[in-house]
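> To start, I am sharing the structure in question, which I have written as structure tokens.
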Amino acid sequence: MRSVLVNALRLAPRASLLLIAQSSVAMGQEVVTGWEGTSSRGYAFVSPAATFQRSDQFSWIVRGAASYLYYDLPENGGTTRVRSPGESLGVALRYSAPQISATIGTGYEIRQTTRHFESGDQSKQTERGLIVQGDVFYQVTPLTNLSALASYGGANHYTWARGGIKRQISNFDNQGPTTLHGGAEITGQGNKDGRTAQLGGGGM
């Protein structure tokens, strides 16, 4: 199954070009990357995507991702370190309107999870499963935006969700080179090994 996914990732650009050649839809590319966490728990990812515009409001997105999940947990009288790189390929449908953008998608994920035990032993396991992802961005006012994002990975039953609000606090005429925002967000994530919640604020 891993070889099937790897081959699919290799063939995805060719399939995209074939789709463009056989249709008149417009296409765009994007890359999203990020990391959050601490020295004992975190999640990093990079996700390239190709967007096929079907209408003014609806578009299809083909995207892959490479990610790295890590966390430590107390187990068997010591600390077990879990390290889990993964890769995925999926498709999503996006709806866009002047005040709101919403995306829902699914795909298939493979993770190579290693557990390092306090005794020095380790176990390795290849985990596979479906993924489901969604997000909503709503422009409440010209200066205020609400967002909600969530994902579930069936390979290791890991759930991640974040909700936030931000407000523009500078460059109100949108003529300057820099715009500052202030806001707050709450994030929850985890699986049967443990769950965490974070609340914070900031600006950019």
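The values are calculated or read from the model by the stated rules, or taken from the named source; none is laboratory data. A quick note: this is a predicted structure, and the numbers were derived from the prediction, not measured. Because the Cβ atoms are built from the backbone with ideal geometry, glycine has one as well, and the counts that use them run over all protein chains shown. Surface areas here come from the heavy atoms of the whole protein model, side chains and all, with no ligands, DNA or RNA. Shrake-Rupley method; radii C 1.70, N 1.55, O 1.52, S 1.80 Å.
> Once the Cβ-Cβ distance between Y138 and T33 is put in as r, and R0 is 25 Å, what FRET efficiency do you end up with, to the nearest 0.05? Intermediate results must be reported in sequence, preceding the final value.
On the way: r = 24 Å, r/R0 = 0.96.
Efficiency for this residue pair is about 0.55.
> Grab the beta carbon distance between L130 and S40, set R0 = 41 Å, and tell me the FRET efficiency rounded to 0.05.
Working: r = 28 Å, r/R0 = 0.69.
With R0 = 41 Å, the Cβ-Cβ based efficiency is 0.90.
> In nm, what is the difference between 0.36 nm times the number of residues separating I165 and N76 and their Cα-Cα distance? Before the final figure, lay out the partial values.
On the way: separation 89, 0.36 × 89 = 32.04 nm, distance 4.06 nm.
The span from I165 to N76 would gain 28.0 nm if fully extended.
> Could you work out the relative contact order of the chain, using alpha carbon pairs under 8 angstrom and six or more residues apart, expressed as a whole percent? Walk me through the numbers before you get to the answer.
Working: 461 pairs, mean separation 21.5, N = 204.
The normalised contact order for the chain reaches 11 percent.
> Could you tell me the calculated FRET efficiency between Y68 and S101, based on Cβ-Cβ distance and R0 = 22 angstrom, to the nearest 0.05? Mind dumping the intermediate values first?
Numbers: r = 27 Å, r/R0 = 1.25.
Efficiency at R0 = 22 Å is approximately 0.20.
> Taking 0.36 nm per residue of sequence separation and subtracting the Cα-Cα distance, how much length would be gained by fully extending the chain between R54 and D193, in nm to one decimal? List each step's numbers first, then the result.
Numbers: separation 139, 0.36 × 139 = 50.04 nm, distance 4.15 nm.
Gain in length upon complete extension: 45.9 nm.
> Spin-label point model (7 Å from Cα, Cβ direction): what's the T114 to F172 distance in nm?
Here the answer is 5.5 nm between the modelled labels.
> Can you give me the solvent accessible area of D135 with a 1.4 Å probe, rounded to the nearest 10 Å²?
Surface accessible to solvent at D135 totals approximately 30 Å².
> Next up: With unit charges on the beta carbon (Lys/Arg positive, Asp/Glu negative), name the residue among G190, T179, G200 whose Cα is farthest towards the positive pole of the charge dipole of region 119-204.
G190
> How large is the helix-only mean residue ellipticity at 222 nm for the chain, computed as the sum of -39500 (n - 2.57) over DSSP H runs with n ≥ 4, divided by its residue count, in deg cm²/dmol to the nearest 500? Show your work: numbers first, answer last.
Details: 1 runs with 20 residues, N = 204.
Estimated from H runs of four or more residues: -3500 deg cm²/dmol.
> How much of the accessible area of the chain, probe 1.4 Å, is carbon plus sulfur, in whole percent?
Working: 7240 of 12220 Å².
Taking all protein chains in place, the chain shows 59 percent carbon and sulfur surface.
> How high is the relative contact order of region 155-199, in percent, with contacts defined as C-alpha pairs under 8 Å that are six or more residues apart?
Numbers: 67 pairs, mean separation 18.1, N = 45.
Taking the mean separation of contacting Cα pairs over the length of region 155-199, I get 40 percent.
> Sticking with this one: State, as an integer percentage, the relative contact order of region 56-121 based on alpha-carbon contacts under 8 Å between residues 6 or more apart. Can you show the working numbers first?
Values: 126 pairs, mean separation 22.8, N = 66.
It rounds to 34 percent for region 56-121.
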